[in-house]
Amino acid sequence: MSKIREAAEEITDAASHNSHFLVGYHFDADGLAAASIIAKALHNIGATMHLKVVKQIDLETLENFQRATSDAVVLVDIGSGYLDLINRLAKSKKIFVLDHHQLSGVDDTITHVNPHQFGIDGGKELSGAGVAYLIAKAVSEENIALSPLAIVGSVGDMQDRNDKRELRGLNSMILRDAIEAGLIKVDTDIIIYGRETRPIHKALSHTVNPFLPGLSGEEDNCLALLASASIPVKTGDRWRTLMDLTRDEKQRMLSAIIEYLTSKGFEGATAINLIGNVYTLLKEERWTPTRDAREYATLLNACGRMGRPSLAIALGLGERGVTLEEASRVLSEHRKTLADYISFINSNRKVVESFKSMVVIHGEDFINENMTGAVSSMLSSSETFPNWRVIVVSAKTRSGDIKISARASEELVRIGVNLGSILQNLARKHGGFGGGHDVAAGAQIPNSEWKDFIEELDLELSVFSEKWNP
């Protein structure tokens, strides 16, 4: 907290000297929430700024920052894995890196705030939006009003991936701020997409975390399941939502899901992941997708992945009405794109290459580079592949490089897998860059190094898969 207060003082001092800020941010839900928080905090102290999405930190990105008219650069939810490169920029501008990813390099010339510096797990205990919020709160207590956005970023970063689907560590401290300020309510309930806003069968079919084989993306199957559990989907002419169900109906619905998954040969225990904490943003209008933290995060993520990050920032800064309608339309496009990718993968197994310790989905010819993370996350929660195998999804970038997103199960992480560290070191060896968290990470490497890269990656991961699946 001392480090946070120090960074907040430096930001306030720069603003008081009329510094112009460039805010660079990652384009997932956490990065977009973090950028919105910092932008709002800067605006509240009268600072001028412009915002720029940053897909990666490389020499070209830094040269663009160098040419920018800003006096100070604030990087949120990105930067900690590229400190040596960023140090070059610090010769001419004041640099702030507010991140939660694993570290690489020395930060002696920049103001760097990251939970990993203090032994706090940035993958589970504090998100990028959480770091941004703590800085904003240190700038002014009035910024406690931004605490719901930090919660949105945390659940968007899947930091609630545990048995109770709850936020822990410093995330729980931020949640307490939001609760005490009357901004968020926490309940234990079934976690499905559209708890207040969608008919039950549609909400169930749109649930992808966890992915429910045969139900996710299958409205007809969801309708049939609800009918088999004697749960009416309408009251008169009005569709019922999850919020309309009685406790007994919710229990019957959960039992039906478990029975369905088991009958299809999947683990019924997957459905238990549907039970957990739900976070309601009390200042948002009822029956809107920004009222539920996970739905809000899904909106932000869709906008970022579909090339509309400014739309997400507008939402984060409080725009609703037409902006929310447009974001909802983008979300529909994102869902269709993702469903098409999963369908293509399932029906064209030639794009799936199995290794000893991992499965590689070769999406170089059909997956947009912005969508690798979404595809890998969905596949990792779907039980399509064994838990002892890492899932790697690849795509080709505009420059011709190969971009990958990788996901490991919690079981693999418990026996020592750290994807962020492995991809960071291996990508650097092959002329690229990478990083992230232990359970989820990414990299970009030259196309010419791709074959050697995946062979070495499989070799490194085999040490762990053999421990679990000898």
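The values are calculated or read from the model by the stated rules, or taken from the named source; none is laboratory data. Nothing here was measured: the structure is a model prediction, and the numbers come from that model. Here Cβ is always computed from backbone atoms with ideal geometry, including for glycine, and neighbour counts include all displayed protein chains.
Can you tell me which of (1) without any contact (Cβ under 8 Å) to a residue 12 or more places away in the chain; (2) surrounded by 15 or more Cβ atoms within 10 Å (Cβ to Cβ) is the one ARG407 doesn't meet?
So the condition that ARG407 fails would be (1).
Under the condition of being among the aliphatic types (A, V, I, L, M) and crowded, with 20+ Cβ neighbours inside 10 Å, which residue from segment 353-370 is nearest to GLU460 (Cα to Cα)? Walk me through how you get there before you give the answer.
The initial filter retains those residues of segment 353-370 that are among the aliphatic types (A, V, I, L, M), namely 358-361, 367.
Still in the running and crowded, with 20+ Cβ neighbours inside 10 Å: 358, 360-361, 367.
On the way: MET358: 11, VAL360: 15, ILE361: 18, ILE367: 26 Å.
Out of the qualifying residues, it is MET358.
Does VAL392 count as at pLDDT 95 or above, closer than 21 Å to ALA440 by Cα and buried (at least 19 other Cβ atoms within 10 Å of the Cβ)?
So VAL392 fits the description; yes.
Restricting attention to segment 434-443, does a residue exist that is closer than 22 Å to THR61 by Cα, β-branched (Val, Ile, Thr) and touching an Asp or Glu at 6+ places or on another chain (Cβ under 9 Å)?
The answer is no; no qualifying residue exists.
Go through segment 272-297 residue by residue and tally those that are closer than 22 Å to ARG161 by Cα, touching a strand residue (DSSP E or B) at 6+ places or on another chain (Cβ under 9 Å) and touching a residue at least 60 places away in the same chain (Cβ under 8 Å).
13
Mind telling me which of the residues ARG168, ARG195 ends up being closer than 21 Å to VAL439 by Cα and touching a residue at least 24 places away in the same chain (Cβ under 8 Å)?
ARG168
Could you tell me whether segment 338-352 includes any residue that is part of a loop (DSSP other than H, G, I, E, B) and within 26 Å of ASP458 (Cα to Cα)?
yes
Tally the residues that are modelled with pLDDT of 95 or more and either under 27 Å from ASN301 (Cβ atoms) or not in a helix (DSSP H, G or I) (or both), restricting the search to segment 1-19.
Residues flagged as modelled with pLDDT of 95 or more and either under 27 Å from ASN301 (Cβ atoms) or not in a helix (DSSP H, G or I) (or both) within segment 1-19 amount to 3.
Would you check which residues across segment 85-100 are in a loop (DSSP other than H, G, I, E, B) and surrounded by fewer than 24 Cβ atoms within 10 Å (Cβ to Cβ) and list them?
Across segment 85-100, the qualifying residues are ALA90, LYS91, SER92, LYS93.
Table: residues versus (1) under 30 Å from ASP220 (Cα atoms); (2) under 18 Å from the mean Cα position of the chain (by Cα); (3) at pLDDT below 95.
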| position | (1), (2), (3) |
| --- | --- |
| GLY123 | no, yes, yes |
| ALA129 | no, yes, no |
| ALA132 | no, yes, no |
| GLU141 | no, no, no |
| ALA150 | no, yes, no |
| ARG165 | yes, yes, yes |
| SER172 | no, yes, no |
| ALA178 | no, no, no |
| ALA203 | yes, no, yes |
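Every residue in segment 155-176 that is touching a strand residue (DSSP E or B) at 6+ places or on another chain (Cβ under 9 Å) and closer than 19 Å to GLU284 by Cα, please.
Residues satisfying the conditions are VAL155, LEU175.
Got a sec? Which of ALA302, ALA314, ALA269, ALA256 is without any contact (Cβ under 8 Å) to a residue 60 or more places away in the chain, under 15 Å from ILE200 (Cα atoms) and aliphatic (A, V, I, L, M)?
Working: ALA302 fails: under 15 Å from ILE200 (Cα atoms); ALA314 fails: under 15 Å from ILE200 (Cα atoms); ALA269 fails: under 15 Å from ILE200 (Cα atoms).
So the residue among ALA302, ALA314, ALA269, ALA256 that is without any contact (Cβ under 8 Å) to a residue 60 or more places away in the chain, under 15 Å from ILE200 (Cα atoms) and aliphatic (A, V, I, L, M) is ALA256.
Take the conditions crowded, with 18+ Cβ neighbours inside 10 Å and either modelled with pLDDT of 90 or more or touching a Phe, Trp or Tyr at 6+ places or on another chain (Cβ under 8 Å) (or both) and apply them to GLY31. Does it pass?
yes
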